[in-house]
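Reviewing the structure listed below.
The values are calculated or read from the model by the stated rules, or taken from the named source; none is laboratory data. In this text the structure is predicted, and so the values were computed from the model without any measurement. The accessibility values were calculated without ligands, DNA or RNA, using every heavy atom of the protein model including side chains. Shrake-Rupley method; radii C 1.70, N 1.55, O 1.52, S 1.80 Å.
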Amino acid sequence: MNKLMSYLLPGFLVVAFLSLAKSFFLSPDIATAGWFVTFYFVACIVAVIIPALVYFLRTPPGISHK
């Protein structure tokens with residue numbers, strides 16, 4: 001499980017950075033624009049899903065990283 005968390009941690013940090021940037025540095029007009037909402041959604045999904053897929057594809061079934 002620790003190895004999975006090491007794969008997911010950078011993704012969660014990217015999501016946190018995007019959230020803080022959206023909250024403090026972007027104007028409300030940009031933050032609510034359709035293109036930015038779509039970009040934000042896709043970026044958050046990619047930042048979390050891609051590392052999880054890499055972990056599960058590189059770890060053979062039945063191997064436990066305790």
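Observations on the model:
- Shown for the chain: the carbon plus sulfur share of the solvent-accessible area, taken with all protein chains present and a 1.4 angstrom probe, equals 77%.
- Length available on full extension from residue 23 to residue 2: 0.36 nm per residue minus the Cα-Cα distance, which gives 4.5 nm.
- Working note: 222 nm ellipticity from helices only, DSSP H runs with n ≥ 4, each -39,500 (n - 2.57), summed and divided by the residues of the chain, gives -26500 deg cm²/dmol to the nearest 500.
- Per residue value of the accessible surface for the chain (all protein chains in place, 1.4 Å probe), Å²: 77 Å²
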